[in-house]
Number of protein chains: 2
Amino acid sequence: MDETQGYCPVFHRAVELIGRRWNGPIIRALLDGADRFGEIRSRIPGLTDRLLAQRLRELEREGVVERACPSSSATTVPHYTLTTKGHSLAPVIESIAQWAAAWEPPGSTSSAQGRSVADSRRR
Amino acid sequence: MDETQGYCPVFHRAVELIGRRWNGPIIRALLDGADRFGEIRSRIPGLTDRLLAQRLRELEREGVVERACPSSSATTVPHYTLTTKGHSLAPVIESIAQWAAAWEPPGSTSSAQGRSVADSRRR
DNA sequence: TAGAGTCACTTACAAAGAGTAAGTGACTAC
DNA sequence: GTAGTCACTTACTCTTTGTAAGTGACTCTA
């Protein structure tokens, strides 16, 4: 009777959040210790300011990322860190990385530049 | 010296393939045993013919899905199945599902319809 | 202290992708 | 032989992304 058996909106939301363009690499950079806007950007070739700012705001709204402006002394530059929710994505990221490494296409060891799935669709 | 330390194009490609709109639910439906076009579509509310056809072709090209037209006798209706590469995504899907279940927002137990991350951005 | 540089964004516009809706051809049931 | 289902396509519109050029707050240098 339930036509949509096996479908789970919570899963759907999660996979699109994680998989949304640039979000995977952004979360990975944050897990790797990057915590400033420019630092994240410089670690991800192809990612622009506009999209990074947008993605960080979305991730913040989803409770994955936290933005803090250390009003201490020196700089007013904001810092981005993962929340507990964000840190708990580590195993997800790890399992994707493992799958990717296992099925890495033959010729993509070091020369491969970050061609996306979308890019490969353009002829 | 390497500005893009920690960045991995193989990971980037993988996370965008898995997270590309509708791909997560499609792979999950296939893992759950759906093998015909209409069956996959009916399990995923909101997914249209156009996008399902497109996504299946992309997944086929990526070697995740296999399309077979059983030329046997009865029907000419094609069947879709996961390849070995596709089946090996099971742990990835599982870890996303676990994360999603753990961080499911309070009011989304059963009433939540499949609102995507994108939808929540529209005001 | 004037001017150049860096940082974290924002805005404007064109191109690509996704949603909506209405076909199409092959087959099947009545 | 006509109506219905199935697996797609095509045409059109709206949303998201990419590209490029600002902007204001701050810092460093002469």
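The values are calculated or read from the model by the stated rules, or taken from the named source; none is laboratory data. These figures come from a predicted structure and were not determined experimentally. Using ideal geometry, Cβ is built from the backbone for each residue, glycine included, and neighbour counts are taken over all protein chains shown. The protein model used for the area step is the full one, side chains on, heavy atoms only, and it has no ligands, DNA or RNA in it. Shrake-Rupley method; radii C 1.70, N 1.55, O 1.52, S 1.80 Å.
Under 8 Å between Cβ atoms, which residue pairs at least 6 apart in sequence (or on different chains) link something in segment B:22-43 that is under 20 Å from A:Leu17 (Cβ atoms) and within 13 Å of DNA strand C (Cβ to nearest atom) with a partner that is open to solvent by 40 Å² or more (accessible area, probe 1.4 Å) and assigned to a loop (DSSP other than H, G, I, E, B)?
B:Pro25/A:Tyr7
Can you tell me which residue is farthest from the chain's Cα centre (by Cα) among those in segment A:17-38 that are assigned to a helix (DSSP H, G or I) and surrounded by fewer than 21 Cβ atoms within 10 Å (Cβ to Cβ)?
Going through the qualifying residues, I end up with A:Gly38.
Condition first: part of a strand (DSSP E or B), surrounded by 13 or more Cβ atoms within 10 Å (Cβ to Cβ) and at negative phi. Can you find one or more residues in segment B:39-56 that meet it?
Checking segment B:39-56: not a single residue is part of a strand (DSSP E or B), surrounded by 13 or more Cβ atoms within 10 Å (Cβ to Cβ) and at negative phi.
Among the residues in segment B:63-72, are any open to solvent by 70 Å² or more (accessible area, probe 1.4 Å), away from DNA strand C (no atom under 16 Å from the Cβ), more than 25 Å from A:Leu17 (Cβ to Cβ) and not in a helix (DSSP H, G or I)?
So far as segment B:63-72 goes, yes, one or more of its residues are open to solvent by 70 Å² or more (accessible area, probe 1.4 Å), away from DNA strand C (no atom under 16 Å from the Cβ), more than 25 Å from A:Leu17 (Cβ to Cβ) and not in a helix (DSSP H, G or I).
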